[in-house]
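Down below is the structure, laid out as structure tokens.
Where a number appears in this text, it was derived from the coordinates with a stated rule and is not lab data. Since the model is a prediction, treat every value here as computed from it, not as a measurement. Because the Cβ atoms are built from the backbone with ideal geometry, glycine has one as well, and the counts that use them run over all protein chains shown.
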Amino acid sequence: MTENVPASDETARVEAAAQETAREDNPVLALLRTSAGRNAGLVVALLIVCVVGAITAGDRFTSSDNALTILRYATTVGVVSIGMTFVIIGGGIDLSVGAILALASVWCTTLATQQSAQDSHWIVLVLVALAVGAGCGLVNGLLVAYGGVVPFIATLAMLASARGLAEIISDKKTQIVQVPDFVDFFDREIVGIGISVYLFALVALVAWVLLNRTTFGRRTIAVGGNLEAARLAGINVKRHTVLLYVLLGICCGIAALMLVARTSTGSSTHGQGYELEAIAAAVIGGALLTGGRGSIVGTVFGVLIFATITNIFVLNNRSQSEQQLLRGAIIVAAVLLQQRLASRNSKT
Amino acid sequence: MTRVLLQMTGIVKEFPGVRALSGVDLDVRAGEVHCLLGQNGAGKSTLIKVLAAVHQPDEGTLEWDGQPVSFGSPQAALKSGIATIYQELDLVPDLSVAENIFLGHELSTAGFSQRHRANRTARELLVRLGHAEISPARSVGSLAPAGQQIVSMARALSRDTRLLILDEPSAVLDQEGVANLFRVIRGLTAEGVAVIYISHRLEEIRQIGDRITVLKDGRTVATGLAVAETPTADLIKLMTGRAIEYVFPPRPSVAADGPVVLDAQDLSLAGVFGGVNLAVRAGEIVGLAGLVGAGRSEILETLYGARRATTGTVSVDGKQLRRGSVTSAVKAGVGLAPEERKSQALLLDESVSNNITVSSLAAFSRAGFLDRGSERTQSSKLTASLDVRPAGVTRAVRTLSGGNQQKVVLARWLLRECRVLLLDEPTRGVDVGARTEIYQLIRRLADSGVAVVVVSSEVEEVLGLADRVLVIREGEVVHEGPATELDESRVLDLVMEGKVA
């Protein structure tokens with residue numbers, strides 16, 4: 001092929017060749033750079049975690065009941081992580097997801113526990129949670145897109161305010177849900193699997209389609225990949241950024257409903273540490289913190305890996321603190337690995 | 001006879017599948033300005049990277065000051081006295097001039113920086129460079145590009161540099177800056193420092209160069225040519241292998257009563273430009289000529305809505321655009337190919353196809369769902385008709401050469417079938433062969449009824465391509481007329497007028 005390429009493509013060839021040299025270094029890294037290869041790597045990582053679980057906890061880990069426990073735990077943080085993936089691909093970050101979740105849980109359970117609302121329909125609860133999530137996301141998005149506040153600061157402020165508001169509304173008390181229809185709905189199982197697992201799968205499926213098959217997804221990648229180019233290409237980047245944060249806010253609302261149903265409570269302490277776990281899941285799944293790249297399938301694996309590790313710690317009676325320690329290490333390892341992959345990619 | 005400072009013989013550098021350098025010879029004498037000429041892709045950048053030890057050569061020898069050497073790392077080359085000033089200056093904008101000069105080899109005692117000594121030494125270096133007016137304590141970010149370049153050179157001199165490599169130093173400078181640069185270079189060579197000077201501008205080489213080495217396709221085709229004795233025509237022949245001029249497509253006559261597509265009335269942007277009236281008819285190419293910083297790019301960006309005009313209106317086909325709204329401009333059928341292709345136009349890691357369709361996503365979607373098959377078919381058709389190489393719309397845009405990347409940007413607006421096309425430096429970083437294709441493409445677009453506005457720093461390009469030319473000086477239109485009534489020297493007169501006095 002090098003024979004009949006005209007001289008004008010010299011540069012292209014040199015660049016392509018230079019890239020190939022950079023890629024030759026390590027076949028494993030080269031494989032991990034392709035999306036199929038990365039997903040395969042995540043499957044392997046998940047299998048390794050499972051083997052560790054089987055060895056250390058034996059039957060208690062391998063039982064199908066335990067698998068369902070892992071899945072059920074994964075659903076709430078999973079839905080948040082999927083929303084987070086969109087925001088990260090779009091070049092942003094959201095530290096307030098846990099706080100938004102707490103606020104949504106408190107707000108909707110407050111309505112549901114008030115005397116006058118005793119016999120209110122469960123749909124009210126659902127709508128309130130989603131509206132609170134979307135509203136907080138809207139504030140984040142407006143601050144970032146139109147206010148020019150960096151995402152880190154805008155959402156850090158939201159983190160503090162939303163949790164504060166949740167404490168005020170609930171008076172720092174745990175609120176018990178008294179809407180039987182709602183709890184019953186989430187208690188339902190289809191072929192032995194809880195409804196929240198199906199809900200998570202549905203969110204993931206919709207998200208995958210949204211990212212890979214719609215204009216919204218393509219624009220998200222463009223906005224995160226090169227903001228200026230996206231703007232000059234005629235994409236309304238500000239509106240799109242707002243939509244991304246609203247989308248994540250709605251995901252927090254959905255996650256809040258799942259958590260409220262699972263625990264039958266709303267509390268201002270719900271969702272603590274979710275921001276870290278959601279960002280970590282997205283990054284492990286291949287999302288680039290500088291934006292422009294990420295994968296829903298990858299994020300789902302990231303969530304499952306974290307949920308399984310948590311489960312193994314619980315089964316082995318290890319402390320929460322040890323768990324935190326390992327989590328931090330995993331995140332650093334994932335980012336280091338990703339930077340090695342990315343830096344080779346962008347070299348010209 | 002002056003001493004030979006550097007002697008490179010038979011340098012070969014291979015990347016898998018391509019020989020970037022296949023036998024380069026270069027000898028540089030102390031105290032001379034040695035010019036390196038060659039088209040894009042001839043191997044100039046690779047060669048200076050070998051010299052700066054960023055790349056290691058696969059074959060060939062390097063003699064430094066009479067001794068065979070091999071530099072293991074860029075630091076080793078620096079230590080021996082070889083300093084490179086790349087096109088993109090590597091300065092830290094928030095540090096002071098002195099801090100930048102001594103970055104990496106700070107003057108310190110037991111870890112405490114000796115700021116006074118650093119400032120004093122920096123001042124001496126700046127005086128030596130003839131720029132005593134730059135204060136060592138000033139932050140580099142507040143300096144103009146010309147000043148920043150001086151700081152880079154001071155940094156090189158702070159290390160006892162004996163060979164200074166300048167990669168297209170004039171690209172960021174205006175006429176005056178170039179004159180200053182030349183004064184500095186002459187001062188350095190008088191002290192015995194050797195300079196390797198890379199530039200595309202032959203007239204600069206005439207002024208500053210002593211000898212010339214010409215590279216073509218990774219080979220030295222001529223070395224040690226005395227500048228004074230080599231006619232320009234010979235140099236062009238050596239660089240291209242044929243004697244060529246830029247070939248511009250013929251101009252069909254524009255119907256004088258053709259409909260006005262783009263109409264800007266009294267457009268201004270506070271502090272940048274003012275009172276611009278511009279009407280472009282269907283099928284017409286209007287060129288904006290002027291110096292860098294005269295406001296040419298800003299006019300384009302304001303027409304496009306990427307900058308919010310202070311006064312004035314822009315209409316397309318009689319419909320007024322919303323001020324400061326790119327979305328409104330794009331909807332009305334305006335397209336922009338911006339100056340900085342990589343940072344302003346392309347999603348480098350995305351495919352060619354995705355880059356072409358990014359402005360027309362709505363046309364490929366039903367209820368928000370993309371028809372990816374049709375995206376690819378349409379993109380393939382366009383890339384085939386524009387002869388984008390290598391073919392294949394799924395490869396990442398990053399792997400394409402400058403000219404082909406530019407074609408991808410043009411394809412984006414072709415796909416939208418836009419009414420107005422704004423082109424900012426459409427051939428920057430594009431080599432000679434691909435330039436001709438891009439000129440033809442632009443003319444073809446105009447012939448299909450598009451109104452085109454072109455900005456270019458190369459007067460020859462504006463005159464050759466445009467039907468009508470607006471000359472911009474310091475944010476004002478100082479001349480407007482048919483391109484055929486102007487020549488290069490007249491335009492330069494207009495551009496410079498008032499600046500001299």
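Charging the Cβ of each Asp and Glu at -1 and of each Lys and Arg at +1, and nothing else, the dipole of chain B about its Cα centre rounds to 1140 debye. The alpha carbon convex hull volume per residue for the range A:145-207 rounds to 165 Å³.
The 3J(HN,Hα) values that the Karplus relation (6.51, -1.76, 1.60; θ = phi - 60°) gives for the range A:66-81 are, in residue order, 5, 4, 5, 4, 4, 4, 5, 5, 5, 4, 5, 5, x, 4, 5, 4 Hz. Gly and Pro appear as x. For the range B:158-211, the residue among B:Val178, B:Ser199, B:Thr189 whose Cα projects farthest onto the positive side of the dipole built from Cβ charges is B:Thr189.
Straight-line cross-link partners of B:Lys13 among the lysines, defined as a Cα under 17 Å from its Cα and at least 8 positions apart when in the same chain: B:Lys44, B:Lys49, B:Lys216. Here each label is just a point 7 Å from Cα along the line to Cβ, and for B:Ser457 and B:Ala226 those points are 3.2 nm apart. When its C-alpha radius of gyration is set against 2.2 N^0.38 Å (N residues), the range B:4-240 gives a value of 1.02. Distance from the Cα centroid of the range A:284-338 to that of the range A:250-277 is 19 Å (rounded to whole angstrom). The C-alpha atoms of chain B define a longest principal axis, and helix B:115-128 lies at about 80 degrees to it. With Cα atoms as the point set, chain A shows a radius of gyration and Dmax of 21.9, 82 Å. Averaging the Cα positions of each part gives two centres, and for the range A:46-66 and the range B:289-357 these lie 57 Å apart.
In whole Å, what is the distance between the alpha-carbon centres of the range A:157-226 and the range B:374-440? So the separation of the two Cα centres works out to 43 Å.
Between B:Asp447 and A:Val149, what FRET efficiency comes out of the Förster formula 1/(1 + (r/R0)^6) with R0 = 56 Å and r the beta carbon distance, rounded to 0.05?
0.70
Kindly provide log₁₀ I(q)/I(0) values, in the same order as q = 0.07, 0.08, 0.10 Å⁻¹, from the Debye equation applied to equal alpha-carbon scatterers of chain B. Taken in order of the listed q values, log10 I(q)/I(0) reads -0.45, -0.58, -0.90. Principal-axis analysis of the Cα atoms of chain A puts helix A:215-225 at an angle of about 60° to the longest axis.
Calculate the mean, over all residues of peptide B:339-351, of how many other protein chain Cβ atoms lie within 10 angstrom of the residue's Cβ. Working shown, then result.
Working: counts 0, 2, 1, 3, 4, 6, 5, 4, 11, 7, 9, 8, 0.
Mean inter-chain Cβ contacts per residue within 10 Å come to 5.
What percentage of all Cα-Cα pairs in the range B:297-431 are separated by more than 26 Å? It works out to 24 percent of all Cα pairs. Over the range B:77-141, the hull volume per residue, using the convex hull of the C-alpha atoms, is 110 Å³.
GNM remark for chain A: springs join alpha carbons under 10 Å apart, and the peak mean-square fluctuation among A:Val314, A:Val297, A:Val126 falls on A:Val314.
The mean sequence distance of close C-alpha pairs (under 8 Å, at least 6 residues apart), as a share of the length of the range B:272-369, puts its relative contact order at 15 percent. Contact order for the range A:184-230, expressed relative to its length and based on alpha carbon pairs under 8 Å spaced 6+ residues apart, stands at 16 percent. The C-alpha atoms of chain A define a longest principal axis, and helix A:10-24 lies at about 60 degrees to it. The mean count of C-beta atoms from other chains within 10 Å of the C-beta of residues in B:134-141, rounded to a whole number, is 0. Viscosity 1.306 mPa s, temperature 10 °C: give me the Stokes-Einstein translational D for the range A:137-181 in µm²/s, with Rh taken as the Kirkwood radius over C-alpha pairs. For these conditions, the coefficient is 129 µm²/s.
Here B:Lys319 is the anchor, and the aspartates and glutamates within straight C-alpha reach of less than 18 Å, apart from those fewer than 8 places off in the same chain, are B:Asp263, B:Asp266, B:Glu417.
By how many nm would the segment from B:Asp25 to B:Phe369 lengthen if fully extended, with 0.36 nm per residue of separation less the alpha-carbon distance? List each step's numbers first, then the result.
Numbers: separation 344, 0.36 × 344 = 123.84 nm, distance 5.73 nm.
Here the segment from B:Asp25 to B:Phe369 would lengthen by 118.1 nm.
Just name one of B:Val352, A:Leu210, B:Gln406: the one whose Cα is farthest towards the positive end of the charge dipole of the protein assembly as shown (beta-carbon charges, Lys/Arg +1, Asp/Glu -1). Of B:Val352, A:Leu210, B:Gln406, it is A:Leu210. Inter-label distance, A:Val43 to B:Arg323: 5.9 nm, where each label sits 7 Å from its Cα along the C-beta direction.
Highest GNM mean-square fluctuation among A:Asp59, A:Asp187, A:Asp94, for chain A modelled with Cα contacts below 10 Å: A:Asp59.
Binning the C-alpha pair distances of the protein assembly as shown at 20 Å intervals from 0 yields a P(r) profile of 13, 38, 34, 14, 1, 0 %, listed from the shortest bin outward.
Size of the dipole of the protein assembly as shown about the Cα centre, Lys and Arg at +1 and Asp and Glu at -1 on the beta carbon, nothing else charged, in debye to 20? Write out the running numbers ahead of the final one.
Numbers: 78 positive and 81 negative charges, 299 e Å.
It works out to roughly 1440 debye.
Placing a pseudo-label 7 Å from each Cα along the Cα-to-Cβ vector at B:Arg117 and B:Arg206 gives an inter-label distance of 4.9 nm.
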